[in-house]
Amino acid sequence: MTNPPKRIAITGAAGNIAYQAMFRIAAGEFLGDQQPVALNLIDIPPAMPSLGGTAMELEDCAFPLLRDVLLSDDLEKGFGDADYVFMFGARPRGKGMERSDLIQENGKIFGPQGKAINDFSSRDVRVLVIGNPANTNALIALHHAPDLDPRQFSAMTRLDHERSRSQLAARTDQPVANIARMTVWGNHSPKMYPDIGYCTASGTPVRELVGTDWHREEFMPGIQQRGAKVIEARGASSAASAANAAILHMRDWVQGTPKNDWVSMSVLSDGSYGVAEGIVFSFPCQCSESEHAIVPGLELDAFGREQLKANEAELLSERETIADLLS
Ligand code: NAD
Ligand code: LMR
């Protein structure tokens, strides 16, 4: 194995999602079993002792691919030379809160971190924002990275995408591996639009199998509120499933999506599907060699177009709320 290691920065490294993600990344689930990795684990000063314990556990796994582990509360060191960044570091919501309630407190984290990525990470870095509200936090981060292409930043709606695939597999009684062309549009919020218009189950259009009433009255609210349901049951927000989705998002971005399928990724809108530019919006995307492209030309019915408009309005309003963080 002669490839030089790829450096992966992980913020919120002492938190719950990072704990579920980093061992899988070190085991090769993100970049494959031929690619050595180095981990830059970033958190705030009070979290450093606990992060030291996690570093001992990483060591105790003797992962053959893991070449180096750096712990840091310093952004220059933490993001230095990073090829990939997972931004988990942010407060999660509790019971009864909306993700947007976190916007002022969490938003402040992403300006300085975006700037540090701009100044110290690899010029080809790829960044995934998971910390909520993820879409607007990603907008803040990319805004502070003017020397990088905004296309190097994305936010996570992949958990909503996988939640949808799983529920559709159960409803249609088909293997989840055969659920393709799912799309989650918009914001990672209760307004997100889980669209089954092009989705197939073992090649059959899902819409024909499940019907419009079930889609709108049961499936959509179920996906839109799934995060809240997990919090209600666990007393803590999703962690293992979020880590899984983050690894899948980054893996597919780097290694590519299957030829006849796509994934849901939140990226800076370029005006596709009439969505306002300047917001980070979830679109169907195909990826190849660390580039993503919004799938063009999908037809949306009047209901779908209304859903996209509602998401656009919500993201424009979030942008307005944090306008001071974009200056
Ligand atoms: P957690 O509270 O367990 O961990 C958060 C970690 O971030 C803590 O270790 C904290 O010290 C650290 N942190 C806080 N400020 C930081 C900073 N400035 N720099 C670096 N680290 C910092 O939370 P968690 O369960 O791991 O969730 C993390 C975030 O991910 C939350 O905002 C949560 O809502 C979000 N989330 C998003 C999705 C999604 O689908 N987009 C899914 C699940 C969770
Ligand atoms: C989720 O969807 O599980 C996360 O965004 C956590 C949350 O606050 O719902």
List every residue pair whose Cβ atoms sit under 8 Å apart, with the two residues 6 or more apart in sequence or on different chains, where the first one lies in the range 215-232 and is farther than 22 Å from residue 200 by Cβ and the second, anywhere, is away from ligand 1 (no atom under 16 Å from the Cβ) and modelled with pLDDT of 95 or more. none
Of 106, 40, the only residue that is within 16 Å of ligand 2 (Cβ to nearest atom) and buried (at least 16 other Cβ atoms within 10 Å of the Cβ) is 106
Looking at the range 139-153, can you tell me whether even one residue there is of a type outside the set (Gly, Ala, Ser), open to solvent by less than 60 Å² (accessible area, probe 1.4 Å), within 16 Å of ligand 2 (Cβ to nearest atom) and under 16 Å from the mean Cα position of the chain (by Cα)? no
Looking only at the range 269-327, how many residues end up being part of a loop (DSSP other than H, G, I, E, B) and either in contact with a Phe, Trp or Tyr (Cβ under 7 Å, 6 or more places away or on another chain) or modelled with pLDDT of 95 or more (or both)? 18
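Take the conditions out of contact with any Pro (no Cβ under 9 Å at 6 or more places or on another chain), hydrophobic (A, V, I, L, M, F, W, C) and either open to solvent by less than 40 Å² (accessible area, probe 1.4 Å) or in a helix (DSSP H, G or I) (or both) and apply them to residue 177. Does it pass? Don't jump to the end; show me each part of the working.
Working: out of contact with any Pro (no Cβ under 9 Å at 6 or more places or on another chain): yes; hydrophobic (A, V, I, L, M, F, W, C): yes; either open to solvent by less than 40 Å² (accessible area, probe 1.4 Å) or in a helix (DSSP H, G or I) (or both): yes.
In short, yes.
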Out of the range 17-37, which residues are open to solvent by less than 10 Å² (accessible area, probe 1.4 Å) and of a type outside the set (Gly, Ala, Ser)? 22, 25, 30, 36, 37
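Yes/no matrix, rows are residues, columns are (1) away from ligand 1 (no atom under 11 Å from the Cβ); (2) under 30 Å from residue 315 (Cα atoms); (3) of a type in the set (Phe, Trp, Tyr):
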| residue | (1), (2), (3) |
| --- | --- |
| 17 | no, yes, no |
| 25 | yes, no, no |
| 36 | yes, no, no |
| 49 | yes, no, no |
| 53 | yes, no, no |
| 80 | yes, no, no |
| 95 | yes, yes, no |
| 99 | no, yes, no |
Does residue 223 satisfy the criteria of being open to solvent by less than 10 Å² (accessible area, probe 1.4 Å) and either away from ligand 2 (no atom under 14 Å from the Cβ) or part of a strand (DSSP E or B) (or both)? no
How many residues are within 12 Å of ligand 2 (Cβ to nearest atom) and either surrounded by 20 or more Cβ atoms within 10 Å (Cβ to Cβ) or within 11 Å of the chain's Cα centre (by Cα) (or both) when one looks only at the range 238-265? 6
Would you please list the contacts, defined by Cβ atoms under 6 Å and residues six or more apart or on different chains, that run from a residue in the range 3-23 that is farther than 14 Å from residue 241 by Cα to a residue that is modelled with pLDDT under 95? none
Can you spot a residue in the range 56-69 that is open to solvent by less than 10 Å² (accessible area, probe 1.4 Å) and within 16 Å of ligand 2 (Cβ to nearest atom)? no
Select from the range 271-326 the residues that are free of Cβ contacts under 8 Å to residues at least 12 places away in the same chain and at positive phi and list them in ascending order. 271, 297
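How many residues are under 17 Å from the mean Cα position of the chain (by Cα) and under 16 Å from residue 10 (Cα atoms) when one looks only at the range 107-116? Reasoning before the result, please.
We begin by selecting, within the range 107-116, every residue under 17 Å from the mean Cα position of the chain (by Cα); these are 107, 109-110, 113-114.
Next, from what is left, pick out any that are under 16 Å from residue 10 (Cα atoms): 109-110, 113-114.
Final tally of qualifying residues: 4.
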If I go through the range 162-203 residue by residue, how many of them are without any contact (Cβ under 8 Å) to a residue 24 or more places away in the chain and either out of contact with any strand residue (DSSP E or B) (no Cβ under 9 Å at 6 or more places or on another chain) or not β-branched (Val, Ile, Thr) (or both)? 6
So the check is Cβ under 7 Å with 6+ separation or different chains; which pairs have a first residue in the range 84-109 that's more than 24 Å from residue 22 (Cα to Cα) and touching a residue at least 60 places away in the same chain (Cβ under 8 Å) and a second one that's open to solvent by 80 Å² or more (accessible area, probe 1.4 Å) and more than 8 Å from ligand 1 (Cβ to nearest atom)? 95/232
What is the one condition in (1) within 16 Å of ligand 2 (Cβ to nearest atom); (2) at positive phi; (3) not aromatic (Phe, Trp, Tyr) that residue 132 does not satisfy? (2)
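The values are calculated or read from the model by the stated rules, or taken from the named source; none is laboratory data. From a predicted model like this one, the values you see are computed outputs, not experimental measurements. Glycine gets a Cβ as well: all are built from the backbone with ideal geometry, and neighbour counts include every protein chain shown. To get the accessible areas, we keep the full protein, side chains included, count just its heavy atoms, and leave off ligands, DNA and RNA. Shrake-Rupley method; radii C 1.70, N 1.55, O 1.52, S 1.80 Å.
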